[in-house]
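Dropping the structure in here first, questions after.
The values are calculated or read from the model by the stated rules, or taken from the named source; none is laboratory data. Note that this is a predicted model, so its numbers are computed, not measured. All Cβ positions, even for glycine, are placed from backbone atoms using ideal geometry, and neighbour counts span all protein chains on display.
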Amino acid sequence: MNEIDKYISNFPIETQAILTKIRETIKTAAPDSLESIAYGMPAYKLNGKPLVYFAGYKNHVGLYATPAGHARFSDELSKYKQGKGSVQFPLKEAIPYDLIRRIVEFRADENKQKTGK
């Protein structure tokens, strides 16, 4: 069991399923990204640069895709509670996996442009 598996296993079964699907969504959208734990949550890097993070909480899951990642999708994210570079998806609502995928793809493209890889 790796660090991400251990992280996810600490949540209730329903939340584990959501976190696992978010993880799979990220890995599908950015298959070359590297997984780790950073700031106490699952973190992904691409070309040595941060890509996205996610975290589970009692009532929501958080996605952290930097301010640029959130600014690009501001209209679609507007119905969710947000901070600078973060968004909260309530566990009692449908998780927008397609939106998460598109955010990760955007961040991966942005990351590749910055690093030239």
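Tell me, please, whether a residue that is out of contact with any strand residue (DSSP E or B) (no Cβ under 9 Å at 6 or more places or on another chain) and modelled with pLDDT of 95 or more can be found in segment 62-74.
No: zero hits.
Would you mind finding the one in Tyr53, Tyr39 that is without any contact (Cβ under 8 Å) to a residue 24 or more places away in the chain and closer than 12 Å to Val104 by Cα?
Tyr53
Testing Phe73 on (1) within 21 Å of Glu3 (Cβ to Cβ); (2) without any contact (Cβ under 8 Å) to a residue 40 or more places away in the chain, one condition comes back false. Which one is that?
Unmet condition: (1).
Please pick out the residue among Gly56, Gly48 that is exposed (fewer than 12 other Cβ atoms within 10 Å of the Cβ) and of a type outside the set (S, T, N, Q).
Gly48
Given (1) of a type in the set (Gly, Ala, Ser); (2) touching a helix residue (DSSP H, G or I) at 6+ places or on another chain (Cβ under 8 Å); (3) crowded, with 20+ Cβ neighbours inside 10 Å, where does Gly85 come up short, assuming only one miss?
(3)
Name the residues in segment 89-114 that are outside any helix (DSSP H, G or I), surrounded by fewer than 17 Cβ atoms within 10 Å (Cβ to Cβ) and either in contact (Cβ under 8 Å) with a residue 12 or more places away in the chain or of a type in the set (Lys, Arg) (or both), would you?
Passing the criteria: Pro90, Lys92.
Next question, about the same structure. Tell me which residues, restricted to segment 22-51, are among the β-branched types (Val, Ile, Thr) and within 24 Å of Pro12 (Cβ to Cβ).
Listed by number, the residues that qualify are Ile22, Thr25, Ile26, Ile37.
Is it the case that segment 52-63 has a residue that's more than 21 Å from Asn10 (Cβ to Cβ) and within 15 Å of the chain's Cα centre (by Cα)?
no
Output the number of residues of segment 97-111 satisfying the condition of being more than 14 Å from Gly69 (Cα to Cα) and either charged (D, E, K, R) or at pLDDT below 95 (or both).
1
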